Amino acid sequence: MTSVKSGVGIDHLRQRILEKVSSLDRATPATIRLRAGITSAHESLVQAEKSMTGCDGLPPDEALLAVLLRHAIDALGEVTGAVVGTDILDRVFSRHCIGK
């Protein structure tokens with residue numbers, strides 16, 4: 001059972017998708033694109049997580065975090081075909097004072 005609303009089974013689903021994509025024997029343009037998109041999204045999310053800790057005791061750079069999240073969303077959009085508009089990120093960061 002998987003539920004986006006409660007989060008039940010999402011980690012298992014992600015793992016199964018990664019297993020299936022990585023176990024593909026034949027490298028086609030589609031699988032190469034999928035692998036590149038997933039890898040790119042993962043790298044951006046790892047960097048975003050690292051940026052949350054800040055540097056030298058300074059608070060996290062929210063502008064950098066926004067850029068990294070946007071890149072991860074765009075990379076996943078290339079894989080899924082879904083495009084997320086800027087309105088979602090605008091809502092997420094509307095409560096933060098970025099760049100001030």
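The values are calculated or read from the model by the stated rules, or taken from the named source; none is laboratory data. Note that the structure is predicted; figures quoted are calculated from it, not measured. Cβ sites come from the backbone with ideal geometry, for glycine too, and all protein chains shown count toward neighbours.
General remarks:
- Residue pairs meeting the criteria (Cβ under 7 Å; at least 6 apart or on separate chains; first under 20 Å from Glu43 (Cβ atoms), in region 74-91; second at pLDDT below 80): Gly77/Val83; Gly77/Val84
- In region 5-30, residue surrounded by the fewest Cβ atoms within 10 Å (Cβ to Cβ) [restricted to those that are in a loop (DSSP other than H, G, I, E, B) and at pLDDT 85 or above]: Ser6
- Residue in region 43-61 that is modelled with the lowest pLDDT, counting only those that are part of a helix (DSSP H, G or I) and surrounded by 15 or more Cβ atoms within 10 Å (Cβ to Cβ): Ser51
- Number of residues in region 63-72 that are surrounded by 14 or more Cβ atoms within 10 Å (Cβ to Cβ), within 19 Å of Ser94 (Cβ to Cβ) and touching a residue at least 24 places away in the same chain (Cβ under 8 Å): the value is 3.
- Lys100 on the phi < 0 side of the Ramachandran plot, assigned to a loop (DSSP other than H, G, I, E, B) and modelled with pLDDT under 80: yes
- Filtering region 31-42 to residues that are surrounded by 14 or more Cβ atoms within 10 Å (Cβ to Cβ), among the small types (Gly, Ala, Ser) and more than 17 Å from Leu64 (Cβ to Cβ) leaves only Gly37.
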